[in-house]
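Each remark here refers to the structure printed beneath this line.
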Amino acid sequence: MTTNDVLIKVEGLKKSFGEIDVLKGIDTEIKRGEVVCIIGASGSGKSTFLRCLNLLEEPTGGKIFFNDVDITDPKTDINLHRQKMGMVFQQFNLFPHMTVLKNMTIAPIKVLGISKEEAEDRAMKLLERVGLADRADAYPSQLSGGQKQRVAIVRALCMQPDVMLFDEPTSALDPEMVGEVLDVMKQLAKEGMTMAVVTHEMGFAREVSDRVFFIDEGIIMEEGSPEEVFGNPKSPRLQDFLSKVI
Amino acid sequence: MFDNFFEIFYDIFIKGKAYKLMLDGLVYTLVIAVFAVLLGIILGALLAVCKVIPQKNIIAKFFNSVANVYITVFRGTPVMVQLLLFYYGIFPRVMRGYEYKALIIAILVFGLNSAAYVAEIIRSGILSIDKGQMEAGRSLGFTYSQTMMKIILPQAIKNILPALGNEFIVMIKETSVAGFITVFDLTRATRSIVADYYNPFVPYFTLAVVYLVLVMVFTYFLNIFERRLRKSDH
C-alpha cells in the first residue's frame with residue numbers, strides 16, 4: 001500500500017481546554033474510500049477529535065496530515081484544505097437568511113470560483129439525489145429537521161470534498177427522521193466517499209463502517225472492524241459501553 | 001399662546017416665505033443625518049469586528065485596543081464639543097472658504113460619533129449569531145473575513161435593524177446642534193426666523209412638529225422594511 005492511499009494521518013494529536021486534557025495523544029490514519037465510525041461515551045473527546053481534523057478546534061499538540069500536507073503547520077493555508085473537507089454538524093448550521101439553493105452554491109461560487117450556472121446545476125443534481133429538488137427555493141426555517149440535515153450534507157458535497165466529516169449528524173433529529181439522513185449517508189458510503197462519522201447510531205456503525213474507533217479517556221482505546229469491535233470487544237471499558245448502548 | 005396661531009403662522013411662513021428657509025434647513029438636516037449614519041454604520045461595523053475577532057495574535061489584540069480607545073473617547077465626550085473641536089480647533093485651515101466645509105465637518109463628526117454607538121450595537125448583533133454559523137462558513141473553506149461579511153454580518157444587521165433605526169432617529173434630532181459650527185440646518189434656520197419676526201413660539205413649535213413628522217415618517221418606512229426582511233423567518 002503506497003502512502004497515497006492514506007488521506008488523513010494523525011500523529012500524537014493532543015487537545016486541552018485550559019486544565020482539562022480532552023485528547024491525550026491519538027495516532028491513526030484514514031484511507032481513501034474508507035468509512036470510519038467514531039464511538040464513545042459523551043465527553044470522551046470523540047467530537048473534539050473530529051473537529052480537530054479540519055482545525056475547527058486547534059490541536060495543542062501533534063500533527064495532522066491531509067493529502068500529505070501538514071495542516072497543523074501555521075504556514076499552511078487551512079482554508080484551501082477545508083475546501084476539500086466537508087463537514088456536517090449536529091445542529092445543521094444552515095444559513096437561515098439564504099434559500100436552500102443559495103446555501104449550497106455560495107461556497108462553490110465564492111470559494112472555488114465556479115460560475116453561478118455550474119454551481120446551481122451541481123446543486124440541483126445533488127438535491128435530486130436526496131429527493132429535495134422541489135425545496136430548492138425554500139428557506140431553512142421551512143424545512144423539517146431531516147430535510148435540513150440532508151441539505152447540510154449536499155451543501156458540503158457541493159464543494160466536491162475528498163472527505164466528509166459527520167459530527168453526530170442524527171443526534172438532534174426526531175426519531176422518525178433519523179432514517180432518511182442515515183440512508184443518504186449509506187448511499188454516500190456505497191459510492192466510495194471517505195467518511196469519518198461520530199455517531200451514537202450503533203446499527204449504522206456496524207452496517208456501514210470499514211473500521212470503528214472507540215475513543216475513551218482521550219485516546220483511541222480500541223479500533224477494528226465492526227465485527228471485532230461489536231462482536232468481540234477486548235477492553236472492559238468498551239464492553240461496559242456497549243452493554244449500555246446496545 | 002395658540003390665539004392667532006394660524007394667522008401668525010401664515011404671516012411668517014407663507015406670506016413671509018420663511019418656508020423656503022425651513023426647506024433649506026430640512027435638506028441640510030437630512031443630508032447630515034443620512035450620510036453620518038452611513039459613515040457610522042460602515043465604521044461601526046469595522047470597529048465591531050475589531051472587537052469580536054479572536055484575540056489570538058498581536059495584530060488582533062492591537063485592533064481590539066484601537067477599537068476600545070476609539071469607543072471610549074467618542075462615547076465619553078459630548079458631540080457638541082467634538083463639533084467645536086473639529087471645526088474650530090483641528091481643521092481651521094482646511095477647506096477655508098469652501099461653502100460646504102461646515103457641512104462636511106458636521107457629517108464627519110456626527111458619523112465618527114455615531115460609529116462608537118453603532119459599533120456596540122453591531123457587536124451585540126454579531127454575538128447573537130450562533131457560533132455554528134461561523135463554523136459552518138469556515139468548514140466550507142471561507143476565510144474568517146469572508147464568513148463575517150457573507151454569513152454573520154447580514155444576519156446580525158437584520159437582528160439589530162430596530163436598534164440601527166433608533167440610531168437614525170437619534171441622529172436626526174442630534175443634528176440640531178450643527179448650527180453651532182455655522183451649518184444652516186433646520187434648527188439654525190428656525191432661529192433666524194425667530195430673530196426676524198421677534199416671535200419665538202410659532203417658529204419653534206413648527207420646528208418641533210417638523211422633527212416629529214420626520215421621525216414618524218421614518219419609523220413607518222422602517223417598519224415596512226423590517227417586515228420584508230423577516231421573510232425568511234416564518
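Read-outs throughout are calculated quantities, based only on the coordinates presented, and are distinct from any laboratory measurement. As the structure is a prediction and not an experimental result, all values here were calculated from the model. Cβ: placed from backbone, ideal geometry, glycine included. Neighbour counts: every protein chain shown.
Tabulated data for the structure shown
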{"item": "Antiparallel bridges, percent of DSSP beta bridges restricted to the protein assembly as shown (to nearest 5)", "result": "55"}
{"item": "Alpha-carbon centroid distance for the pair the range A:47-116 / the range B:182-234, whole angstrom", "result": "49"}
{"item": "Estimated 222 nm signal from helices in chain B, with DSSP H stretches of n ≥ 4 weighted -39500 (n - 2.57), rounded to 500", "result": "-24000 deg cm²/dmol"}
{"item": "Ordering of A:234-245, B:105-116 by packing [mean C-beta count within 10 Å, highest first]", "result": "B:105-116, A:234-245"}
{"item": "Where only alpha carbons of the protein assembly as shown are counted, the Rg and the Dmax (Å)", "result": "30.4, 101"}
{"item": "Length gained when the stretch B:A163-B:Q55 is fully extended (0.36 nm per residue, less Cα-Cα span)", "result": "36.2 nm"}
{"item": "Nitroxide proxy distance, nm - points 7 Å out along Cα→Cβ at A:S171 and A:D134", "result": "3.4"}
{"item": "Residue of B:I14, B:I157, B:I172 that the Gaussian network model of chain B assigns the largest fluctuation, springs spanning Cα pairs under 10 Å", "result": "B:I14"}
{"item": "Per-residue Cβ neighbour rank within 10 angstrom, fewest leading, B:I104, B:I224, B:I32", "result": "B:I224, B:I104, B:I32"}
{"item": "Shielding by partners, peptide A:92-103 (average Cβ within 10 angstrom, other chains)", "result": "4"}
{"item": "Förster-model FRET efficiency, 41 Å R0, B:Y220 and B:M149, C-beta, rounded to 0.05", "result": "0.85"}
{"item": "Assigned charges on the beta-carbon of Lys, Arg, Asp, Glu; the range B:18-112 dipole about Cα centre (debye)", "result": "300"}
{"item": "Two-decimal log10 I(q)/I(0) for chain A, as the Debye equation yields it once each C-alpha is a single scatterer, q = 0.10, 0.14 Å⁻¹", "result": "-0.48, -0.95"}
{"item": "Cleavage-rule hits (chymotrypsin sites (Phe, Trp or Tyr not before Pro)) in the range B:1-77: DSSP loop, at most 10 neighbouring Cβ within 10 angstrom", "result": "B:F2"}
{"item": "Residue of A:Q91, A:Q142, A:Q83 that the Gaussian network model of chain A assigns the largest fluctuation, springs spanning Cα pairs under 10 Å", "result": "A:Q142"}
{"item": "Whole-Å distance, taken between Cα centres, linking the range B:98-133 and the range B:147-178", "result": "8"}
{"item": "Within the range B:106-169, GluC sites (Glu not before Pro) in DSSP loop having at most 12 other beta-carbon neighbours inside 10 Å", "result": "none"}
{"item": "Charge dipole of the protein assembly as shown about the Cα centre (unit charges at C-beta), most positive-ward option of B:G179, B:V66, B:I53", "result": "B:G179"}
{"item": "Spatial separation of Cα centroids for the range A:187-212 and the range B:32-82, in angstrom", "result": "48"}
